Amino acid sequence: MSDCIFCKIIAGQIPCNKVYEDDDMLAFHDIRPIAPVHFLIIPKRHIESLLTTTADDVDILGKIMTKVPELAREQGLAAGFKTGINTGKLGGQEVYHLHVHVFGHKA
């Protein structure tokens, strides 16, 4: 998606404070954090929203969710953290590229 800000971040057109990257996903710090630690995990393949996922997305969704605790621990959230996926307009989604928020306070 040429106008998607997260696709531009993935393409390297917009810089980010990277936490993790592999062939399928990218994690980076939120530019408007709501907690001392706040990062996002996004699939590299454009998926508009959790509302648009299908059975074809099972692998990437599972990979992202199993990466959450690993990255949370690395970011100092071993004692606990919150996750959030804003979905659709009424769910507060602002960027229409699926993303998981991970946030919390270091112990």
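Read-outs: derived from the displayed coordinates by stated rules, not from any lab. Keep in mind it's a predicted model, so treat the numbers as computed, not measured. With ideal geometry, Cβ positions are generated from the backbone for all residues, glycine too; neighbour counts draw on all protein chains shown.
Overview of values
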| quantity | calculated |
| --- | --- |
| Contact order normalised by residue count of the chain, Cα under 8 Å, 6+ apart, percent | 31 |
| Helix 58-74 vs. the chain, principal-axis angle (Cα, 0 to 90°, nearest 10) | 30 |
| Sparse-neighbourhood loop sites, trypsin sites (Lys or Arg not before Pro) in the range 1-92 - DSSP loop, at most 15 other Cβ within 10 angstrom | ARG45 |
| GluC sites (Glu not before Pro) restricted to the range 8-107 and DSSP loop, no more than 10 other C-beta within 10 Å | GLU94 |
| 22 Å Cα cut-off, lysine pairs counted over the chain (separation 8 or more, or different chains) | 16 |
| Dipole in debye (nearest 20) - the chain, about Cα centre, beta carbon charges: Lys, Arg +1; Asp, Glu -1 | 400 |
| Extension gain, HIS29 back to ALA78 (0.36 nm per residue minus Cα-Cα distance, nm) | 15.9 nm |
| Calculated FRET efficiency for the pair SER2/GLU70, C-beta based, R₀ 22 Å, to 0.05 | 0.10 |
| Most mobile of VAL68, VAL58, VAL95 in a GNM of the chain (Cα contacts under 10 Å) | VAL58 |
| Whether the range 54-107 is rounded, prolate or oblate, judged on the alpha carbon gyration tensor where a/c under 1.5 counts as rounded | oblate |
| Label-point separation, THR87 to THR54 (7 Å along Cα→Cβ), nm | 1.7 |
| The chain: radius of gyration and largest Cα-Cα distance (Dmax), Å | 13.2, 40 |
